[in-house]
Structure formats: structure tokens, C-alpha cells
Amino acid sequence: MSGELERLIYASQATRDYPSLEAIAGIVEVSDRNNRQNGVTGALVLADGVFLQVLEGAAPDIELTLSRLLRDPRHTDLQVLQRHPVGFRQFEGWGLVGAALEPTRQSVMDELIGFAQADPDYVVDRVRTLVADQASRDAGG
């Protein structure tokens, strides 16, 4: 896949009140496979029924992924918060990695959405931390 590397950050509303951990794992598994096939990397965070996703890839690959996301019935009200060229990937090696925040941590999601346009690098750093924390919990650490 070719083209200038872009990063896209979006938020959307889950169509179910709060998807189960199994449903989230299924989303991550299928999306990881699709994203790898399309040359896209990224991370997904969910809190209290709100998705925030960071995607990275060549512009045509991001466009293809975005068009698929817009048709996905598992969420609605997709809003692109930020899309811009970047020099390198922050989620290299992950087609998609995910983290689910406790509903009581909705303020973290509000913060991420609020900063997405003003400081997307901060959002990416926070998402990387959230994903690392989730991986540590999943590994029993």
C-alpha cells in the first residue's frame, strides 16, 4: 500500500449500551486482521459506550478503512476528530490493539476527545498508555 502516512482519530457511539468484553475482543480480533491486510495500524479505546480509535496508514488505506467503519452497525455518530500526515507510526506492529475503560473512567474518554484536535500527539500518547495498562492487566501484572 502506498501514499503519504496519515493518522486519523475518530470517536463514535456504540449501538449497544456497553458492549461486553467478549464483543470488544471480537471487534479487535476482526479489525486487527482487516487492518493488517490493508496496511493500517492503530488502537481502539472504549469507555461507557463511546469508542475512540486512532488509525495510521497510507491515505488510500485510511480512506478504505473509514468507509468500512462508516457502514459498521456496531456504532453510530462517527466523528473524525483529527486527520493529518505523520512521519511515522505510533502503533507499528499492531493491526489493532484495544483497551476498555471502566465506565467510571468516562472522564478519561472526555479528555481524549477534547484534546484530539488541539493536541493529537497527547491523545496518541495517552492511548498508548491505556493500551499498555490493559495489556498488563490481561497478563496478570
Original post:
Any residue at all in segment 111-124 that is under 13 Å from the mean Cα position of the chain (by Cα), farther than 18 Å from Glu6 by Cβ and either in contact (Cβ under 8 Å) with a residue 24 or more places away in the chain or part of a helix (DSSP H, G or I) (or both)?
Top reply: yes
Subject >> Candidate set: segment 13-39, residues that are more than 25 Å from Asp110 (Cα to Cα) and part of a loop (DSSP other than H, G, I, E, B); chosen: the one modelled with the highest pLDDT >> reply: Gly39
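Of all residues in segment 65-77, which are surrounded by fewer than 16 Cβ atoms within 10 Å (Cβ to Cβ), in contact with a strand residue (DSSP E or B) (Cβ under 7 Å, 6 or more places away or on another chain) and either assigned to a strand (DSSP E or B) or not hydrophobic (A, V, I, L, M, F, W, C) (or both)? Before you say what the answer is, go through the steps one by one.
Filtering segment 65-77 down to residues surrounded by fewer than 16 Cβ atoms within 10 Å (Cβ to Cβ) leaves 67-68, 70-74, 76-77.
Checking the rest, the ones that are also in contact with a strand residue (DSSP E or B) (Cβ under 7 Å, 6 or more places away or on another chain) come to 70, 74, 76-77.
Matches in segment 65-77: Arg74, Thr76, Asp77.
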Original post:
Restricting attention to segment 81-106, and to residues there that are surrounded by fewer than 14 Cβ atoms within 10 Å (Cβ to Cβ) and at pLDDT 80 or above, which single residue is farthest from the chain's Cα centre (by Cα)?
Top reply: Gly87
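The values are calculated or read from the model by the stated rules, or taken from the named source; none is laboratory data. Every value quoted in this text rests on a predicted model; they were computed, and no experiment measured them. Counting neighbours? That spans all protein chains shown, and the Cβs are built from the backbone with ideal geometry, glycine included.
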